[in-house]
Amino acid sequence: MPVRIQEHDFDLTQEIALLRKDDAAIGAIAIFIGTVRDLNEGAAVKAMTLEHYPGMTEKSLHDIVDQAKDRWDLKDALVIHRVGPLMPQDQIVLVAVTSAHRGEAFAACEFIMDYLKTLAPFWKKEDTPEGARWVDARVSDDQAMARWAKK
């Protein structure tokens with residue numbers, strides 16, 4: 001179950017081909033790609049910088065994927081998260097999950113993304129016309145994560 005933190009962009013087609021590895025038992029692949037928006041909380045976003053805590057971030061992502069594997073029967077999972085300077089429309093994150101059935105793949109993909117948004121040690125700074133600002137966690141992200149604790 002690969003986890004990578006990197007500055008350079010990723011190629012979706014190449015990453016999915018590597019994840020599948022000609023495994024005929026895979027019946028479903030659920031994918032989420034997060035991108036940089038040009039507008040956040042009513043302000044134009046000219047650029048974004050993502051920072052992380054090396055070592056701790058990778059451990060956190062591995063823990064999240066391990067939790068997903070404990071909950072669902074997965075074939076594999078991939079998490080790639082970019083750091084450094086990014087521009088609107090740039091890809092930020094890829095979460096891809098393979099399983100025999102779509103329900104498990106969808107649920108695990110959403111679970112990983114929800115936990116990544118709330119528990120992984122990333123910090124996001126946006127450059128706006130009014131200056132740079134750090135982005136706080138959203139209540140909606142916390143609510144999305146809380147629903148998994150009930151299951």
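Figures for the structure shown
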read-out: Conditions (1) touching a residue at least 40 places away in the same chain (Cβ under 8 Å); (2) surrounded by 12 or more Cβ atoms within 10 Å (Cβ to Cβ); (3) not aliphatic (A, V, I, L, M); number of the one not met by ARG138; value: (1)
read-out: Residue, surrounded by the fewest Cβ atoms within 10 Å (Cβ to Cβ), within the stretch 4-41, restricted to residues that are assigned to a strand (DSSP E or B) and among the hydrophobic types (A, V, I, L, M, F, W, C); value: LEU39
read-out: Search result, residues across the stretch 119-151 that are polar (S, T, N, Q) and either under 15 Å from VAL93 (Cβ atoms) or in a strand (DSSP E or B) (or both); value: THR128
read-out: Lone unmet requirement of (1) assigned to a strand (DSSP E or B); (2) in contact with a Gly (Cβ under 9 Å, 6 or more places away or on another chain) for ALA105; value: (1)
read-out: Only one of ILE92, ILE112 that is touching a residue at least 40 places away in the same chain (Cβ under 8 Å), closer than 24 Å to TYR53 by Cα and in contact with a Lys or Arg (Cβ under 9 Å, 6 or more places away or on another chain); value: ILE92
read-out: Candidates ALA30, ALA43 - the one that is small (Gly, Ala, Ser), farther than 30 Å from ARG102 by Cα and either modelled with pLDDT under 95 or in contact with a helix residue (DSSP H, G or I) (Cβ under 8 Å, 6 or more places away or on another chain) (or both); value: ALA43
read-out: Enumeration of residues in the stretch 42-73 that are free of Cβ contacts under 8 Å to residues at least 40 places away in the same chain and crowded, with 16+ Cβ neighbours inside 10 Å; value: TRP72
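The values are calculated or read from the model by the stated rules, or taken from the named source; none is laboratory data. Everything numeric here is computed off the predicted structure, so don't read it as measured data. A quick note on method: Cβ atoms are made from the backbone with ideal geometry, for glycine too, and the neighbour counts reach across all protein chains shown.
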